[in-house]
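One structure, pasted below without further comment.
What follows is calculated from the coordinates using simple rules that are stated; it is not laboratory data. All of these numbers come straight from a predicted model, not from anything done at the bench. Cβ sites come from the backbone with ideal geometry, for glycine too, and all protein chains shown count toward neighbours.
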Amino acid sequence: MLDVIAKYHEARDRVEELLKKSFLEMKGEFAEALRDLFAEFPNVESVSWHQYTPYFNDGDECVFSTSASYPRMIFVDDTEDDRDQYSYEEGYNSGENGELEQAREPAYQAFRQFLSQFPDELLKAAFGDHVKITVTREGVDVDSFDHD
C-alpha cells in the first residue's frame, strides 16, 4: 500500500517539475511579452495578483487558484489614495473617475487577456503557493501572502 502512495507522490513531483521546466523554457517569452505590454501602455506602473490554496473552504475542497485573470493595476498617475484603496479587479465604474477609468481600460484588458492564458497550475509551478506576484518594468517580485 505504501508503495502505491510513494509512486503517486513521485508521479506528482514529476508533473510539477515538468510544469516548472515548461515555464522556464518560455520564461524569456513571458518576460518579452510583458516588456511589450509595458511599452504599449507606459502609464502602467505595476500589475499584481495573489495565488494560494485556501486553508478553509466551508467544507468544500481547498483548491489552489489565482487572481491573475483579474489583476490589480497601479498606474503612474494614481494618487496615494488610489494605490491604497482602489482595485481594478472588479472592473470600471462610471463614478467621478469614470473617464479616467475608461481611458485605462485598454491597458487593463490587454494585461488581463495576457495573464488569463496561463493555467493556474503553471503559475503555481512558476511562482509558488501563498504568494503575491507584482510585475513592473524592472521584473517580477514574489512575496509571501497571508490570507484567511
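Nothing charged except the Cβ atoms of Lys and Arg (+1) and of Asp and Glu (-1): what's the magnitude of the dipole of the chain about its Cα centre? Round to the nearest 20 debye.
Dipole of the chain, to the nearest 20 debye: 740 debye.
Still on this structure, please answer the following. Could you tell me which residue out of Y70, Q117, F56 lies farthest along the dipole of the chain toward its positive end? Charges go on the beta carbon: Lys and Arg +1, Asp and Glu -1, centred on the Cα centre.
Q117
Another question about this same structure. Out of the chymotrypsin sites (Phe, Trp or Tyr not before Pro) in segment 40-73, which ones are loop residues according to DSSP with at most 13 other C-beta atoms within 10 Å?
Here the sparse-neighbourhood loop sites are Y55, F56.
Further question on the same structure: Using only the Cα atoms of the chain, what do you get for the radius of gyration and for Dmax, in Å?
Expressed in Å, the Cα Rg and Dmax of the chain come to 17.9, 64.
Most mobile of K124, K21, K132 per a Gaussian network model of the chain (Cα springs, under 10 Å)?
Greatest mean-square fluctuation among the candidates belongs to K21.
What's the local net charge at I5, with K and R +1, D and E -1, over the other residues with C-beta under 13 Å away?
Details: positive: K7, R12; negative: D3, E10, D13.
Local net charge: -1.
Right, next: Take every Cα pair under 8 Å in segment 2-144 that's 6+ residues apart, average their separations, divide by the length, and report that relative contact order as a whole percent.
About 31 percent, as a whole number.
In terms of Cα to Cα distance under 26 Å, which lysines are near enough to K7, apart from those fewer than 8 places away along the same chain?
K7 reaches K20, K21, K124.
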